[in-house]
C-alpha cells in the first residue's frame, strides 16, 4: 500500500476544507468533518485500499487496517494540515462540533444499561416461552389440553422452569441497579444493593401497587408527619435508573469530599441512606407515573391504530436499528411484559421478527445474485442466516445498505408483514430471538398469524430483491485471481491454526456492537468474552502492530497469516488506561508468549465492553478461515480456535508459465 497515494485519495474524497480534526486507532482513520454530505462516498467505496466507512458518534471512520493506518494517517496529516488529536480528544471535539441531540444521548444511556442485561432477559424469555409450551392450551388443536394437563407428571418440571423464567423479571431492578450505577460511574455492587432495596418482600409488590392504592390498602411509613408509601418496584425500569443516577452522583460527591478511612467507611452508608429517602419519597413515585404513562401511551397507540400502527412501525423498524434507537426497546418491552394483564403482551417483538426476517431474506437473495463474487456470497450467506435468527447488523451494514435496494425492499416487505401481524393481533408473552424461531415467545393460539406474517416477510423480500436485482445489481467479479492456463490445481490438505489469545467464551463476531468487526470489514474472525486478563501470542511470528494505547496487537505468523487482536470496543479512547503491553513492533514471539494484560474493572467502569476480537485481516489470501471450536465454548489460551485454509496453488508454476 502506498500511504501517500491513499492519503491523497482520502483527502480528495473528504475535502481538505471539510476536515475539523483527525485521529486514528488500530484499524481506522477517525475524522470530525463539517458536513458528511460533502464526502464523495462513491470514491471511498470504490477505493481498493479502503475496507469500508461508517459514521458514528460524530466521527467519520475510514477502515484502512492494522499496520497501514499509521502510515496513511501520517501522510494524511502532512497533506491536509488537519488538527491532530488523540481519540479521546476527538470524541470531545465531535461532541462540541456536532449538534446536541438529547434523544440520542438518552438512547445511548439506555443502550449501555440494557445491552449487558440481554443474556439474562433472553434466557428468562426463552424459559418463559418453554413454560408456555408446556402449559398453553389449544396447541394441538382447538380446545385441546395443555401438555401439563395431558401429562400431570411433568407439573413439577413446569413449575421449576416457571420459577427460573420469572427470576430475571421479578428481580429486574437488581440487574438494572448493577449496570445503571456502573454506567453513571458508581459502584455496581451498591447499585445492586439499591435494586434489592426496591424489591424487598415486606413492600407491596410492584405489580399490586395500583390495586393497593385503589382500595386504600397501601401501608405507609410516618416520617416526621410525612406519609410515605411502602411500595415495591418489581417490573419497573425508569425508577431504578433514576435511583442509580442519584446513588452514583452521591457516591462520587462523598468520594471527593471524604478522605482515607472515613471515605471507605461512611461513603457507602451515606450514599445508600440518602438515596433510599429520596427514592421512596420523591423519585420512585414520580418516575413510576412517567414509566406507566409511557407504557399506557404505547398500548393506546397500538389499540387505536390497530394493524395500521403495526404496519407503520414495521416499515421503519430496520431504519431504527441503523440509528441505534432500537437499543432502548428492551426498556419498553420489559415494561409491557411486566404489565401483560393490562397491555396484552409485547407488540414490538413480532414486528422486530418480521423486520429481521425481511432483511435476512434480502441478503440471501444477494447470495444468488452475486454469482461472480465469492467474498460477497460468503458474507451474504452468513449474514443472512444470522439475520434470520435475529442479529441483523452484519446483513444491514455488510450487504443491504451497500447496495441500497435490498434494504428498501426489505423495509416495504416488513411493513406489509407487520400489518398482517396486526390483523392477527400477534403479541409475544416473553422476550426471545426475534427471527424465524421467535414463535417460541408467542402464545400458541397466535402461531398461525405469526407464521403467515413471517412467510410473507420472507417471500416478498427474497423475491422482490431477486427480481429487481437481476436488472439493477452491479456486475461483480470473482475476488480470486483467474488463470486461463490448464495446469493442475492441488488443494492444500492442511491449514494454519490460530490459537485463542485470551481465555474466555467464544462468541460469534457478527454479534458484537461494532460494524467494522461484525460486518466482516476487517476480515473473518471470532470474538471472545474474556474470563482471563492476559493476551498471549496465538502463533509464532512477528509483532507488526503494538500501539501506545496497548489495546490492540497485530501479528504476522511465520506462515504468513495476519492476525489482529483487539481488546474491547472503542477502548482506544482509554488512551492506555487499564492496559499493559510487554512487546514492541518488530519483536519476534513464540506461541503462548505474553503480549499484554488488561484490567477488566477499569475498562468496564469507563463504560466499554471487554469483548476481544481475533481477526485474520488477510482473509482474502485464503480459501477459508474456518472455525475449529463451537460458539459458547470456553477456550484456553493454547486452544486452536480457527484455521486459515490456503487457496489451491499451482503444482508447477514454471511449467504453467511455459
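The values are calculated or read from the model by the stated rules, or taken from the named source; none is laboratory data. Quick caveat: nothing in here was measured; it's all calculated off a predicted structure. Glycine also receives a Cβ, built like all others from the backbone with ideal geometry; neighbour counts cover every protein chain displayed.
Does at least one position in the range 54-69 carry a residue that is at pLDDT 65 or above and in a helix (DSSP H, G or I)? Yes, the range 54-69 contains at least one residue that is at pLDDT 65 or above and in a helix (DSSP H, G or I). Among residues of the range 619-642 that are over 20 Å from residue 590 (Cβ atoms) and in the same structural domain as residue 593 (by TED's automatic domain parsing), those with a Cβ under 6 angstrom from a residue that is modelled with pLDDT under 85 and not in a strand (DSSP E or B), sequence gap 6+ or separate chain, pair up as 623/647. Looking across the range 448-462, just one residue is surrounded by fewer than 18 Cβ atoms within 10 Å (Cβ to Cβ) and touching a residue at least 40 places away in the same chain (Cβ under 8 Å), and that is 459. Do we have residue 431 as touching a helix residue (DSSP H, G or I) at 6+ places or on another chain (Cβ under 7 Å) and in a loop (DSSP other than H, G, I, E, B) here? In short, yes. Just one residue in the set 209, 213, 148, 228 is crowded, with 21+ Cβ neighbours inside 10 Å and in the same structural domain as residue 126 (by TED's automatic domain parsing); that residue is 209.
Say whether the condition of being touching a strand residue (DSSP E or B) at 6+ places or on another chain (Cβ under 9 Å), touching a residue at least 40 places away in the same chain (Cβ under 8 Å) and surrounded by fewer than 16 Cβ atoms within 10 Å (Cβ to Cβ) is met by at least one residue in the range 24-33. No, the range 24-33 contains no residue that is touching a strand residue (DSSP E or B) at 6+ places or on another chain (Cβ under 9 Å), touching a residue at least 40 places away in the same chain (Cβ under 8 Å) and surrounded by fewer than 16 Cβ atoms within 10 Å (Cβ to Cβ).
When 605, 562, 653 are checked against the criterion of being farther than 18 Å from residue 503 by Cα, at pLDDT below 90 and under 26 Å from the mean Cα position of the chain (by Cα), a single residue qualifies: 605. Quick one: count up the residues across the range 282-305 that are surrounded by 14 or more Cβ atoms within 10 Å (Cβ to Cβ) and modelled with pLDDT of 80 or more. Of the residues in the range 282-305, 6 are surrounded by 14 or more Cβ atoms within 10 Å (Cβ to Cβ) and modelled with pLDDT of 80 or more.
Among the criteria (1) within 36 Å of the chain's Cα centre (by Cα); (2) surrounded by 11 or more Cβ atoms within 10 Å (Cβ to Cβ), the one residue 256 does not fulfil is (2). Given the structure, is residue 610 in contact with a helix residue (DSSP H, G or I) (Cβ under 7 Å, 6 or more places away or on another chain), under 30 Å from residue 117 (Cβ atoms), in the same structural domain as residue 536 (by TED's automatic domain parsing) and in contact (Cβ under 8 Å) with a residue 40 or more places away in the chain? For residue 610, the condition - in contact with a helix residue (DSSP H, G or I) (Cβ under 7 Å, 6 or more places away or on another chain), under 30 Å from residue 117 (Cβ atoms), in the same structural domain as residue 536 (by TED's automatic domain parsing) and in contact (Cβ under 8 Å) with a residue 40 or more places away in the chain - is met.
Identify all residues within the range 221-266 that are on the phi > 0 side of the Ramachandran plot and in contact with a helix residue (DSSP H, G or I) (Cβ under 7 Å, 6 or more places away or on another chain); write none if there are none. Within the range 221-266, just 235 meets the criteria. For the range 40-53, a residue qualifies if it is assigned to a loop (DSSP other than H, G, I, E, B) and touching a strand residue (DSSP E or B) at 6+ places or on another chain (Cβ under 7 Å), and the qualifying residues are 50, 51.
Among the numbered conditions (1) closer than 30 Å to residue 332 by Cβ; (2) in contact with a strand residue (DSSP E or B) (Cβ under 9 Å, 6 or more places away or on another chain), the only one that residue 221 does not meet is (1).
Matching residues to (1) in a helix (DSSP H, G or I); (2) under 20 Å from the mean Cα position of the chain (by Cα):
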site: 391; (1), (2): no, yes
site: 396; (1), (2): yes, yes
site: 401; (1), (2): yes, yes
site: 408; (1), (2): yes, no
site: 411; (1), (2): yes, no
site: 416; (1), (2): yes, no
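Here residue 20 passes the criteria (1) assigned to a strand (DSSP E or B); (2) under 20 Å from residue 518 (Cα atoms) except the one numbered (2).
Listed by position, the helices (runs of 4 or more DSSP H) contained in the range 228-322 that have at least 1 residues being closer than 30 Å to residue 460 by Cβ are 284-305. Only one of the numbered conditions (1) modelled with pLDDT of 90 or more; (2) surrounded by 13 or more Cβ atoms within 10 Å (Cβ to Cβ) is violated by residue 219, and that is (2). Checking each residue of the range 528-542 against the condition of being buried (at least 22 other Cβ atoms within 10 Å of the Cβ), closer than 28 Å to residue 380 by Cβ and within 24 Å of the chain's Cα centre (by Cα) gives at least one match. Looking across the range 26-49, the residues that are more than 22 Å from residue 83 (Cβ to Cβ) and in contact with a helix residue (DSSP H, G or I) (Cβ under 7 Å, 6 or more places away or on another chain) come down to 43, 47, 49.
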